[in-house]
Amino acid sequence: LTQGMEVDSDGWQPGKKIVQKPYVVNEMEYEASLPEKKSNTLSRDLIDYVRYMIQNHGENYKEMARDEKNYYQDTPKQIKRKINVYKNFYPEEYKDFIASLKQDKMDVQ
(Lines give C-alpha, C1' and ligand atoms only; values in the text may rest on other atoms or scores of the structure.)
Protein backbone atom coordinates (compact mmCIF):
# COMPACT_ATOMS: atom_id res chain seq x y z
CA LEU A 1 0.00 0.00 0.00
CA THR A 2 1.15 3.49 -0.75
CA GLN A 3 1.34 6.04 2.00
CA GLY A 4 -1.80 8.14 2.61
CA MET A 5 -4.19 5.57 1.12
CA GLU A 6 -6.52 3.30 3.07
CA VAL A 7 -8.43 0.27 1.93
CA ASP A 8 -12.16 0.79 2.38
CA SER A 9 -15.05 -1.56 1.69
CA ASP A 10 -15.78 0.53 -1.43
CA GLY A 11 -12.26 0.06 -2.77
CA TRP A 12 -9.31 2.45 -2.82
CA GLN A 13 -10.07 5.84 -1.35
CA PRO A 14 -7.91 8.60 0.07
CA GLY A 15 -7.68 8.54 3.85
CA LYS A 16 -8.66 12.18 4.28
CA LYS A 17 -10.90 14.06 1.92
CA ILE A 18 -9.53 17.54 1.46
CA VAL A 19 -11.82 19.93 -0.37
CA GLN A 20 -9.59 22.31 -2.32
CA LYS A 21 -12.43 24.39 -3.84
CA PRO A 22 -15.49 24.41 -1.58
CA TYR A 23 -17.29 26.97 -3.76
CA VAL A 24 -17.42 24.40 -6.59
CA VAL A 25 -18.98 21.81 -4.29
CA ASN A 26 -21.46 24.38 -2.94
CA GLU A 27 -22.45 25.46 -6.46
CA MET A 28 -22.94 21.86 -7.59
CA GLU A 29 -25.06 21.07 -4.54
CA TYR A 30 -27.17 24.17 -5.19
CA GLU A 31 -27.73 23.22 -8.85
CA ALA A 32 -28.62 19.67 -7.86
CA SER A 33 -31.23 20.95 -5.39
CA LEU A 34 -33.09 22.98 -8.05
CA PRO A 35 -36.27 21.39 -9.43
CA GLU A 36 -36.08 20.10 -12.99
CA LYS A 37 -37.54 22.30 -15.66
CA LYS A 38 -40.15 20.47 -17.68
CA SER A 39 -41.02 21.72 -21.09
CA ASN A 40 -44.77 21.36 -21.38
CA THR A 41 -45.13 22.70 -24.87
CA LEU A 42 -44.93 21.36 -28.37
CA SER A 43 -43.47 23.20 -31.31
CA ARG A 44 -45.88 25.38 -33.26
CA ASP A 45 -44.89 23.45 -36.41
CA LEU A 46 -45.97 20.13 -34.89
CA ILE A 47 -49.27 21.59 -33.69
CA ASP A 48 -50.01 23.07 -37.12
CA TYR A 49 -49.00 19.81 -38.82
CA VAL A 50 -51.29 17.69 -36.63
CA ARG A 51 -54.23 20.09 -36.98
CA TYR A 52 -53.80 20.22 -40.76
CA MET A 53 -53.75 16.41 -41.01
CA ILE A 54 -56.82 15.95 -38.81
CA GLN A 55 -58.71 18.71 -40.60
CA ASN A 56 -58.06 17.26 -44.06
CA HIS A 57 -58.01 13.52 -43.38
CA GLY A 58 -59.91 12.86 -40.16
CA GLU A 59 -58.47 9.63 -38.77
CA ASN A 60 -57.25 8.17 -42.07
CA TYR A 61 -53.53 7.82 -41.29
CA LYS A 62 -52.71 6.20 -44.63
CA GLU A 63 -54.05 9.24 -46.47
CA MET A 64 -52.08 11.49 -44.12
CA ALA A 65 -48.88 9.61 -44.98
CA ARG A 66 -49.53 10.28 -48.69
CA ASP A 67 -50.30 13.97 -48.18
CA GLU A 68 -47.91 16.44 -49.85
CA LYS A 69 -47.47 18.28 -46.52
CA ASN A 70 -45.97 15.15 -44.98
CA TYR A 71 -42.51 16.67 -45.47
CA TYR A 72 -40.77 14.26 -43.09
CA GLN A 73 -42.29 11.25 -44.86
CA ASP A 74 -43.79 9.96 -41.63
CA THR A 75 -45.42 6.55 -41.74
CA PRO A 76 -49.08 6.21 -40.69
CA LYS A 77 -47.95 4.93 -37.27
CA GLN A 78 -45.61 7.90 -36.77
CA ILE A 79 -48.38 10.33 -37.66
CA LYS A 80 -50.76 8.60 -35.25
CA ARG A 81 -48.13 8.86 -32.50
CA LYS A 82 -47.69 12.61 -33.16
CA ILE A 83 -51.45 13.12 -32.97
CA ASN A 84 -51.57 11.20 -29.67
CA VAL A 85 -48.76 13.35 -28.27
CA TYR A 86 -50.76 16.44 -29.23
CA LYS A 87 -53.90 14.97 -27.58
CA ASN A 88 -51.97 14.29 -24.36
CA PHE A 89 -50.31 17.72 -24.20
CA TYR A 90 -53.39 19.77 -25.06
CA PRO A 91 -56.52 17.72 -24.27
CA GLU A 92 -58.81 20.77 -23.95
CA GLU A 93 -57.49 22.41 -27.11
CA TYR A 94 -57.88 19.09 -28.97
CA LYS A 95 -61.52 18.71 -27.84
CA ASP A 96 -62.29 22.29 -28.91
CA PHE A 97 -60.59 21.71 -32.26
CA ILE A 98 -62.60 18.52 -32.95
CA ALA A 99 -65.82 20.27 -31.87
CA SER A 100 -65.09 23.16 -34.23
CA LEU A 101 -64.51 20.70 -37.09
CA LYS A 102 -67.87 19.03 -36.42
CA GLN A 103 -69.53 22.45 -36.28
CA ASP A 104 -67.94 23.40 -39.61
CA LYS A 105 -69.31 20.22 -41.21
CA MET A 106 -72.79 21.00 -39.93
CA ASP A 107 -72.58 24.55 -41.27
CA VAL A 108 -71.56 23.31 -44.73
CA GLN A 109 -74.46 20.84 -45.01
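The values are calculated or read from the model by the stated rules, or taken from the named source; none is laboratory data. Since the model is a prediction, treat every value here as computed from it, not as a measurement. Backbone-built Cβ (ideal geometry, glycine too); neighbour counts: all protein chains shown. Areas reflect the complete protein model, heavy atoms only, side chains present, ligands, DNA and RNA absent. Shrake-Rupley method; radii C 1.70, N 1.55, O 1.52, S 1.80 Å.
Tabulated data for the structure shown
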item	result
Residue in region 58-74 that is open to solvent by 50 Å² or more (accessible area, probe 1.4 Å), in a helix (DSSP H, G or I) and small (G, A, S) present	no
Cβ pairs under 7 Å, 6+ apart, first in region 41-65 and among the β-branched types (V, I, T), second open to solvent by 60 Å² or more (accessible area, probe 1.4 Å)	none
Selection count, region 75-88, where residues are over 16 Å from L42 (Cβ atoms) and assigned to a helix (DSSP H, G or I)	2
Verdict on R44 being within 28 Å of L101 (Cα to Cα) and at pLDDT 95 or above	no
Filter result for the condition that a residue is at pLDDT below 85, surrounded by 11 or more Cβ atoms within 10 Å (Cβ to Cβ) and more than 26 Å from the chain's Cα centre (by Cα), over M106, M5	M5
Residue check, M53 touching a His at 6+ places or on another chain (Cβ under 7 Å), at pLDDT 95 or above, open to solvent by less than 80 Å² (accessible area, probe 1.4 Å) and not hydroxyl-bearing (S, T, Y)	no
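For (1) part of a helix (DSSP H, G or I); (2) over 16 Å from V85 (Cβ atoms); (3) charged (D, E, K, R), each residue gets a yes or a no:
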position	(1), (2), (3)
Q20	no, yes, no
V25	yes, yes, no
M28	yes, yes, no
D45	yes, no, yes
